1. Out of all the residues in the range 14-46, which are farther than 15 Å from VAL150 by Cβ, part of a helix (DSSP H, G or I) and within 27 Å of the chain's Cα centre (by Cα)?
2. Only one residue in LEU56, LEU123, LEU66, LEU99 is touching a residue at least 60 places away in the same chain (Cβ under 8 Å), of a type in the set (A, V, I, L, M, F, W, C) and either more than 18 Å from CYS160 (Cβ to Cβ) or touching a Pro at 6+ places or on another chain (Cβ under 8 Å) (or both). Which one?
3. Name the residue, out of GLY346, GLY350, GLY336, GLY424, that is modelled with pLDDT of 95 or more, on the phi > 0 side of the Ramachandran plot and not assigned by TED's automatic domain parsing to the domain that holds GLU277.
4. Of the residues ALA368, ALA303, only one is hydrophobic (A, V, I, L, M, F, W, C), farther than 30 Å from ILE4 by Cβ, crowded, with 20+ Cβ neighbours inside 10 Å and in contact with a helix residue (DSSP H, G or I) (Cβ under 8 Å, 6 or more places away or on another chain); which?
5. Of all residues in the range 188-220, how many are touching a strand residue (DSSP E or B) at 6+ places or on another chain (Cβ under 7 Å) and in a loop (DSSP other than H, G, I, E, B)?
6. Could you list all residues from the range 260-279 that are in a strand (DSSP E or B) and among the β-branched types (Val, Ile, Thr)?
7. Out of THR223, THR297, report the one residue that is more than 25 Å from ILE75 (Cβ to Cβ) and hydroxyl-bearing (Ser, Thr, Tyr).
Amino acid sequence: MRSINPASGTPIRDYPEHTQVEVTALVERAGAVFRSWSAHPAAERTVFLRQVARALRARLADHARLMTTEMGKPIVAAEAEAEKCALTCDWFADHAPALLEPEPAATEARASFVRFDPLGVVLAVMPWNFPFWQVFRCAAPALAAGNTVVLKHASNVPGCALAIEQVFREAGLPEGAFTTLLVPARAVGEIVAHPAVRAVSLTGSEPAGRQLAALAGAALKKTVLELGGSDAFLVLADADVEHAAAQAAVARTVNSGQSCIAAKRFLVEEPVAERFEAALIERMATLRVGDPLERATQVGPLARADLLEELENQVGRTVQAGATLALGGRRLDRPGFYFPPTVLTGVEPGMPAFDEETFGPVAAVTRARDPDHALELANRSRYGLGASVWTADISRGQELAARLEAGAVFVNEMVKSDPRVPFGGVKCSGYGRELAAFGLREFVNVKTVWVR
């Protein structure tokens, strides 16, 4: 596996892949360790999560720099990502023991209750765009519940994958409780089929989710899928337009636009559309594009050359279909995989920027006749991960939230993940939930116990 610096396009380091024999041995070790790890009470297991949080914070600067050099994330965002991982470990350390306690059920039995018992080895197939956060979002609750975890990370961030394994070792977890497998995507099928693997969590593209779901389904193994998103950002006529536009620019360019829950389709009521478009263009034009290791940089490079080519192609096809290129639109003439903040106006259903997921700093603006039309446009997508509504009428915002086909809806705030609330999508954005109590209980055996 080769790690390449997206800011320069130059190789960083090559990593040897695990052989099939090594993979089998590591998965079997994780299965053996599960028996002892799951025997610990939840309160003991979560002590290790607190130590993980401390280990993350102790080397936060090193981890942030590694993320930035391997996938181009601006350094300030990388530091925030590492801290968020630590906060999530702390949250599950605080709450998992109580959430895993058996729950009594009122029946005519002498005793009846529901247990939450771990399943076994959880295979985590994770993406490159949040190379630490995506892993910890899965691993922290899975480990707290008593499972062990094997990680197949994206092939362009092997350094991050190994660094994460080292964090768990430094925290004192038993060897094999968390294991990184350096393998290509074609090896996933054999790992899924291994008897020790009892469940699979994938964050990635829709095609990858379909393929993995088929493999896991054939083996009758539980899956959680967090797939692509084309999040709608609804701006109603009574919204604070300048504030909404400022937040829109941030929401679209978080992680240089490479986020499943970044706002992508901006659906704006006609009376304020012209003002919103002008304000958004102005805000996007002022964003600083540059070296992701510089703290002033707001938009870094895309993670790979093929992603740059695909995004440029999507913009070009959208303009050919009748949209207006109001800002940006072409890769920057400099080393690395840079694409500038871009605004497309006059985008309609049927155009690539409306129908497809755009993974980069490209905002597609569509005008809506009224709130109901904005809602209709928002739901006219095969994706359903997140959405936001911007309005002065909180009641109407909540009413629209109830009708939006998405796993998370934020009113007057950008969509984000938070360990205190569940995260996941509907439709082609996947199924199942991560984080909070719902995520903790995804990979457990919800077991009924009835005592006569």
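The values are calculated or read from the model by the stated rules, or taken from the named source; none is laboratory data. The structure presented is a predicted model; accordingly, all values stated were derived computationally and were not measured. Quick reminder, even Gly has a Cβ in these numbers, built from the backbone with ideal geometry, and neighbours come from all protein chains shown.
1. Answer for the range 14-46, where residues must be farther than 15 Å from VAL150 by Cβ, part of a helix (DSSP H, G or I) and within 27 Å of the chain's Cα centre (by Cα): ALA42, ARG45, THR46.
2. Matching residue, one of LEU56, LEU123, LEU66, LEU99: LEU99.
3. GLY424
4. Result of the check over ALA368, ALA303: ALA368.
5. 2
6. VAL268
7. So the residue among THR223, THR297 that is more than 25 Å from ILE75 (Cβ to Cβ) and hydroxyl-bearing (Ser, Thr, Tyr) is THR223.
Yes or no, residue by residue, for (1) in a helix (DSSP H, G or I); (2) in contact (Cβ under 8 Å) with a residue 60 or more places away in the chain; (3) in the same structural domain as VAL347 (by TED's automatic domain parsing); (4) under 30 Å from ASP372 (Cβ atoms):
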residue: MET284; (1), (2), (3), (4): yes, yes, yes, yes
residue: PRO292; (1), (2), (3), (4): no, yes, yes, no
residue: THR297; (1), (2), (3), (4): no, yes, yes, no
residue: VAL315; (1), (2), (3), (4): yes, no, yes, yes
